[in-house]
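The values are calculated or read from the model by the stated rules, or taken from the named source; none is laboratory data. Everything numeric in this text was worked out from a predicted model, so none of it was measured. A quick note on method: Cβ atoms are made from the backbone with ideal geometry, for glycine too, and the neighbour counts reach across all protein chains shown. Surface areas here come from the heavy atoms of the whole protein model, side chains and all, with no ligands, DNA or RNA. Shrake-Rupley method; radii C 1.70, N 1.55, O 1.52, S 1.80 Å.
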Amino acid sequence: TNPGFVVRITQAGLDYAQQQGIAILEKDLAQLKLPDISGESRVLRVGKVRYELSRLRLRDFHLPYSRITPISNVGLQVSISNAFAELDGDWRVKFLFIRDHGSFNLKVENIYIKISLRLGSDTTGKPTISTSGCSARISKVQVLFSGKFGWLYNLFHSVIESRLRKILEDKVCDNVEKSVHNELQTYIQTLPVTARIDKKFGIDYSLVASPRATAQSLDLDLKGEFYSLAHRSTVPFSPLPLAFPSDHERMVYFGASSYFFNTAGIAYHKAGALVFEITEAMIPKEAGFSLDTSIFSAFVPELEEMYPNMPMKFRLSAPTAPFLTIGPGGISFQPTVDVQAYAILPNSSLAPLFILSLVRNVSAVINVRSGRIVGSLDVGRIRLSLKDSAVGTFQVRMMQSLMNILTSSTLLPRLN
């Protein structure tokens with residue numbers, strides 16, 4: 001299915017992620033467990049040197065140069081160069097009648113690691129990650145033995161260095177694969193793909209397809225659907241295709257289709273949340289009038305006779321969910337709103353007066369503030385029609401000006 005919301009992470013965004021991810025990998029590699037090593041090295045016409053290295057302890061593993069790049073149709077590649085490590089341990093040697101033991105220090109330099117990560121998604125829309133390839137190459141290993149028989153160590157140190165190089169190369173990739181599977185994939189599986197917005201509504205941002213890697217970015221297709229926490233129902237329309245612009249200069253790009261916003265309209269409408277009331281307390285002082293029947297008596301002659309000088313209240317509700325469209329100029333929609341007018345009687349009960357049908361062109365501007373996606377509405381002039389009346393028939397043309405003032409000064413700031 002098409003996504004309602006998309007995210008693009010460019011190379012600049014991956015560079016930022018690399019700072020976080022490499023720190024974790026560096027910490028994991030510093031926990032490498034190396035096995036004891038034993039063997040023998042033949043010395044021509046003399047005999048064999050038997051050696052044993054034990055209690056190998058990795059003291060440091062540093063990854064100073066690294067980069068994460070997207071690989072088309074695969075996922076991500078992590079490249080590490082000029083890494084270095086240092087470890088120590090104990091040694092024991094036997095040669096003819098000579099026996100000796102002590103400690104040693106091993107310096108490993110010019111380590112090159114290349115890791116390929118395959119990205120996908122599971123049936124719940126959560127991302128998955130696995131290692132599709134790993135290679136490690138070490139070009140320099142130097143063992144420094146402590147002890148009094150320096151000539152003896154020279155008989156087998158090259159063998160030791162070669163074996164340690166091979167063991168380290170294998171262990172690095174083993175640890176990388178375990179780290180990706182046991183830590184990174186396990187962590188990703190804990191990430192939620194839905195979120196509560198408030199007590200009534202949530203949003204589903206699960207993946208609708210596996211992440212797509214190109215030579216310049218990593219693109220994510222998300223469901224982007226709002227829903228009611230009380231009862232989630234099927235949306236009666238499908239999301240439209242979304243296409244990214246060719247720009248790759250920023251770290252992260254977001255894209256939203258009309259599906260993203262219209263599912264919000266459906267969810268809020270079904271839950272009865274698109275209902276607003278306008279009362280006297282909400283009228284700003286600078287408006288210069290009070291919300292009572294006297295101000296409407298000029299438009300509705302019978303109102304003053306039936307409910308003289310009584311305070312009023314307006315209840316605004318949407319008979320249908322608003323449906324918006326997105327175009328080059330931004331977001332626009334033309335909601336229909338029912339305006340129910342009430343007189344507030346002395347005993348605080350409400351007397352229904354009339355219902356107006358209100359149609360107004362609305363446009364929205366979307367922005368980002370403090371890491372949150374925010375929006376603000378702008379409205380055009382109102383068109384009114386009389387839908388029902390308990391105070392007789394009347395013309396609504398003159399009332400449009402007053403309703404324009406009410407919605408602009410009271411309703412619009414409340415919505416925003």
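Quick notes on this structure:
- Taking 0.36 nm per residue of sequence separation and removing the Cα-Cα distance, the A230/Q334 pair yields an extension gain of 34.7 nm.
- The angle separating the long axis of helix 157-179 from the principal Cα axis of greatest extent in the chain is about 20 degrees.
- Per-residue 3J(HN,Hα) values for region 309-320, derived from phi via the Karplus relation 6.51 cos²θ - 1.76 cosθ + 1.60 with θ = phi - 60°, read 6, 9, x, 10, 9, 10, 10, 9, 9, 9, x, 9 Hz in sequence order (x marks Gly and Pro).
- In the context of the full set of protein chains, residues of region 173-315 present 56 Å² of accessible surface per residue (probe radius 1.4 Å, heavy atoms only).
- In nm, spacing of pseudo-spin labels at N309 and N82 (7 Å Cα→C-beta vector): 8.8 nm
- Cβ-defined net charge surrounding A136, 13 Å radius [Lys, Arg +1; Asp, Glu -1]: +1
- Other residues within the sphere of radius under 15 Å centred on the Cβ of Y253, judged by their own Cβ, net out at -1 (K and R +1, D and E -1).
- Extreme residue, positive dipole direction of region 201-414, given options A209, A243, A298 (C-beta unit charges): A209
- Nonlocal amide H pairs with V208, under 5 Å, H built at 1.01 Å: D221, L222, K223
- Extended-chain gain in nm, criterion 0.36 nm per residue less alpha-carbon gap, S72 and D100: 4.5 nm
- Once the Cβ-Cβ distance of Y112 and K48 is raised to the sixth power relative to R0 = 25 Å, the FRET efficiency obtained is 0.15.
- Debye equation applied to the C-alpha atoms of the chain, log10 I(q)/I(0) at 0.07, 0.10 Å⁻¹: -0.58, -0.83
- Taking 0.36 nm per residue of sequence separation and removing the Cα-Cα distance, the S294/L144 pair yields an extension gain of 44.1 nm.
- Computed on region 41-126, with alpha-carbon pairs under 8 angstrom and 6+ residues apart, the relative contact order is 30 percent.
- Degrees separating the helix 11-29 axis from the principal Cα axis of the chain, which is the longest one: 50 degrees
- Distance in nm between pseudo-label sites at T214 and E183 (7 Å out along the Cβ direction from Cα): 3.3 nm
- Here the 3J(HN,Hα) profile of region 63-71, calculated from phi with Karplus coefficients 6.51, -1.76 and 1.60 at θ = phi - 60°, is 10, x, 10, 8, 7, 10, 10, x, 10 Hz, Gly and Pro shown as x.
- Result for the chain in a Gaussian network model with C-alpha springs under 10 Å: among P241, P70, P346, the largest mean-square fluctuation is at P346.
- In straight-distance terms, cross-link reach from K166 covers every one of the lysines whose alpha-carbon lies under 23 Å from its own, apart from those fewer than eight places away in the same chain; here that gives K27, K33, K48, K107, K114, K140, K178.
- Other-chain or far-sequence residues with amide H under 5 Å of V74's (modelled H): A213
- Estimated FRET transfer efficiency (S132, Q395; beta-carbon r; R0 56 Å; 0.05): 0.15
- Couplings for region 209-214, taken from phi via the Karplus curve 6.51 cos²θ - 1.76 cosθ + 1.60 with θ = phi - 60°, read 7, 5, x, 9, 9, 10 Hz in order; Gly and Pro are left as x.
- Surrounding net charge for S210, when Lys and Arg each add one and Asp and Glu each subtract one, Cβ distance under 12 Å: 0
- Here region 142-226 exposes an accessible surface that is 55 percent carbon and sulfur, computed with a 1.4 Å probe and the other protein chains kept in place.
- Computed over the chain, relative contact order equals 13 percent, with contacts defined as Cα pairs under 8 Å that lie 6+ residues apart.
- Taking region 245-279 and a reference point 7 angstrom along Cα→Cβ of S348, the backbone N atoms nearer than 20 Å belong to 277-279.
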